[in-house]
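Reading through the structure tokens given below for one structure.
The values are calculated or read from the model by the stated rules, or taken from the named source; none is laboratory data. Everything quoted here is computed from the prediction, not taken from an experiment. FYI the Cβ positions are ideal-geometry reconstructions off the backbone, even for glycines, and counts take in every protein chain you see.
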Amino acid sequence: MENVQAILLATGETDKLQPLTATVPSPMLPITDRPVMLYAIELLARQGFKEMAVSLYHLAGDVEAYLGNGQRWGVTLNYLLQRDAWGSAGALKWAQPALNQTFVVMPADVLVDVDLEAALAQHRQRQSKATVVVHHFATDGAPGVCPDENGRIQSTVTNGSHPTVYPTGVYIFEPEILNYIPARRQFGILEQLVPALLEAGIAVDTYQMSGYWNRLATFQDYHAAQRHVLYSAWGHAEGLEGLPALNFPSLEGRQIAQGIWVGRNHMIHPSVRLSPPIFIGQNCQIGSDVELGPEVVVGSNVVIDEEATISRSTILDHTYVGQLVNIDGRFVNKNLIVDKVTAESTRVVDQFLLGQVNSLVDNRFQRLWDVSFSLLLLLLTLVVTVPVSLLLLLTNGRIFERVERVGGWPDALLAGSVMDLQRFALWRFCVRKKDGRTTRLGRFLKNWEIYRLPELWNVLKGDLRLVGVKPLTEEDVRQISDVWQQKRHESSPGFTGLWYIQTRPDSSLDEILIADAYYVATRNWREDLKLLSQTPAAWWRRLRRSSIPMPV
């Protein structure tokens, strides 16, 4: 959109929906197996925004790893990373250098179906400096404002009062309002900025939207959002309970019956009983005599064992639901279960009831592919490895060396602590003498990266996969502390991967962890094939950057 900028507030600073948001940033909470933030991105993209700023704070790496540069949605995302929590207005102050014209503020952890074109038209027609997008309806506890008959705010209203309208978290501002926000200080838009503007005599207008809005403040709100998307996509007016349907409900799956959607690569037993509306993500296994529905959302890579019963609930990605387990009105994330009404949570220690599973792509077919392709590569590289082995034996007396590395969690059902990570030894051509000095031949092998070819034997053994995260030393692993960094442990280490394609041999650990986190968030077999095909070109780029001494 011309002459208008957009900024997404994805800082996740509020403590809503705990303990779920302790490990899942609120903008990444799935609505029908898609992060809620995607609804905001797609809404902006449909209304002409091609470039967006994104403010990040809590679990920032998870958000950036999943969204990347935004090209998958036809937009460009520019990230603004905060080291401290500055509040909603403080985030705008932090972004001030990037905001130099009229800009729209969108909350990334709220479901809001607003006509921005109409809101911007009113903002311009009134020559407003600040416009607050409001709704006439809200759930309990929502803060509100009191506008006059012309729609201009007279005062903000605290919780417990009876405001006329409720701010949705969407705002339109002119850049000069940023001067009323103190730098490096907690400052909220509704709580502090709007009162500061009113005190300074600056009119603050409201634009009343009529579409659907859900602030996702409670687990009841969260479930209501799930069911509303399902009923909107189904076209079931009765299920909408008088609320407006979403204009563009997005479900990444195929509708196999009225009100029932399933993703790719699913295995659903013929005896399963389905009561709409239901959404089932990709790579799911659902056993015999399972009962699902109504109002059930199942994420990707979920296993639901025989005779389980699930209704009015959400099962998040990579969750195992055991045999005969009955779930009603709950949110389940691996071994965490939360009541949607009381918000009481419990962690289930019995992994036969609830636990974590890896994606189906990480199982037998992946192993068969790794073994087959690594064998082929070993055969093709014999013309190199055999002469190198003979030269090393003659000049150094040793052919191979073993280096200790740390990999992913070995338990497929329940991930543990960092101390539970798998240890293994990488096989490499020996490039050093017994006293630790690198030989001339060793320098040549390292520069050409030929010394890594024996790692293909690790792929055969199962220590590595062809494509995965970078194998790290134990010292490097001990530096990993943030939750988003630890996500890398959900994937096995690989011979190649995004870390090899996008980083350099001298890249920092942070750069490697960002690449690994992005890989884990977006991995699938198509991406693995793409990364594998890009590896020769990446190897050549690395080669050209290095000096290549010839052995003497």
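Has the stretch 60-68 got any residue that is farther than 24 Å from residue 281 by Cβ and touching a strand residue (DSSP E or B) at 6+ places or on another chain (Cβ under 9 Å)? Yes, there is a match, as at least one residue in the stretch 60-68 is farther than 24 Å from residue 281 by Cβ and touching a strand residue (DSSP E or B) at 6+ places or on another chain (Cβ under 9 Å). A count restricted to the stretch 410-458 and to residues that are under 26 Å from residue 492 (Cα atoms), at pLDDT 90 or above and of a type in the set (D, E, K, R) stands at 5. Checking the stated criteria, residue 508 turns out not to satisfy the condition of being surrounded by 21 or more Cβ atoms within 10 Å (Cβ to Cβ) and modelled with pLDDT of 85 or more.
Scanning the stretch 448-488 for residues that are in contact (Cβ under 8 Å) with a residue 24 or more places away in the chain and among the small types (Gly, Ala, Ser), we see that the one that is surrounded by the fewest Cβ atoms within 10 Å (Cβ to Cβ) is 462.
So for the stretch 506-526 (the condition being outside any helix (DSSP H, G or I), closer than 19 Å to residue 403 by Cβ and touching an Asp or Glu at 6+ places or on another chain (Cβ under 7 Å)), does at least one residue qualify?
Of the residues in the stretch 506-526, the ones outside any helix (DSSP H, G or I) are 506-508, 523-524.
Right, trim to closer than 19 Å to residue 403 by Cβ and you get 506-507.
Narrowing the set further to residues that are touching an Asp or Glu at 6+ places or on another chain (Cβ under 7 Å) leaves none.
No, there is no match, as no residue in the stretch 506-526 is outside any helix (DSSP H, G or I), closer than 19 Å to residue 403 by Cβ and touching an Asp or Glu at 6+ places or on another chain (Cβ under 7 Å).
Filtering 194, 165, 133 for residues that are in contact with a strand residue (DSSP E or B) (Cβ under 6 Å, 6 or more places away or on another chain), closer than 18 Å to residue 8 by Cβ, surrounded by 15 or more Cβ atoms within 10 Å (Cβ to Cβ) and aliphatic (A, V, I, L, M) leaves a single hit, 133.
Report, by residue number, each residue of the stretch 94-121 that is of a type in the set (D, E, K, R) and touching a Phe, Trp or Tyr at 6+ places or on another chain (Cβ under 7 Å).
Within the stretch 94-121, the first condition is being of a type in the set (D, E, K, R), and the residues that meet it are 109, 113, 115, 117.
Residue satisfying the conditions is 113 alone.
Out of 124, 72, 83, one residue alone is at pLDDT 95 or above and basic (Lys, Arg). It is 124.
Residues that are buried (at least 16 other Cβ atoms within 10 Å of the Cβ) and either within 19 Å of residue 108 (Cα to Cα) or among the hydrophobic types (A, V, I, L, M, F, W, C) (or both) were ranked within the stretch 233-251; the one that is nearest to the chain's Cα centre (by Cα) is 251. Among the residues of the stretch 209-226, those identified as surrounded by fewer than 19 Cβ atoms within 10 Å (Cβ to Cβ), under 19 Å from residue 26 (Cα atoms) and of a type outside the set (A, V, I, L, M) are 218, 220.
Consider residue 230 carefully, then state whether it is in a loop (DSSP other than H, G, I, E, B) and under 26 Å from the mean Cα position of the chain (by Cα).
Details: in a loop (DSSP other than H, G, I, E, B): no; under 26 Å from the mean Cα position of the chain (by Cα): yes.
Here the answer is no, as residue 230 does not meet what is asked.
Among the residues of the stretch 300-329, the ones that are within 19 Å of residue 348 (Cα to Cα), in a loop (DSSP other than H, G, I, E, B), touching a His at 6+ places or on another chain (Cβ under 9 Å) and small (Gly, Ala, Ser) come to 1 in all.
The sole residue among 305, 289 that is at negative phi and at pLDDT 95 or above is 305.
For the stretch 427-460, filtered to residues that are charged (D, E, K, R) and touching a strand residue (DSSP E or B) at 6+ places or on another chain (Cβ under 8 Å), the residue that is nearest to residue 371 (Cα to Cα) is 455.
Residue 445 fulfils the conditions (1) out of contact with any helix residue (DSSP H, G or I) (no Cβ under 8 Å at 6 or more places or on another chain); (2) in a helix (DSSP H, G or I); (3) buried (at least 20 other Cβ atoms within 10 Å of the Cβ) except for a single criterion, (1). Applying the set (1) touching a helix residue (DSSP H, G or I) at 6+ places or on another chain (Cβ under 9 Å); (2) modelled with pLDDT under 95 to residue 362 leaves exactly one unmet item: (1). Filtering the stretch 444-499 to residues that are farther than 18 Å from residue 525 by Cβ and hydroxyl-bearing (Ser, Thr, Tyr) leaves 451, 473, 481.
To keep it simple, each residue is scored yes or no on (1) of a type in the set (S, T, N, Q); (2) surrounded by fewer than 20 Cβ atoms within 10 Å (Cβ to Cβ).
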| position | (1), (2) |
| --- | --- |
| 299 | no, no |
| 314 | yes, no |
| 320 | no, no |
| 341 | no, yes |
| 346 | yes, yes |
| 357 | no, no |
| 377 | no, yes |
| 383 | no, yes |
| 404 | no, yes |
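Please indicate, with yes or no, whether at least one residue in the stretch 237-246 is more than 18 Å from residue 31 (Cβ to Cβ), of a type outside the set (Lys, Arg) and in contact (Cβ under 8 Å) with a residue 60 or more places away in the chain. No, the stretch 237-246 contains no residue that is more than 18 Å from residue 31 (Cβ to Cβ), of a type outside the set (Lys, Arg) and in contact (Cβ under 8 Å) with a residue 60 or more places away in the chain. Taking the stretch 114-171 as the region of interest, the strands (runs of 3 or more DSSP E) fully inside it that hold 1 or more residues being farther than 25 Å from residue 100 by Cβ and among the polar types (S, T, N, Q) are 153-157.
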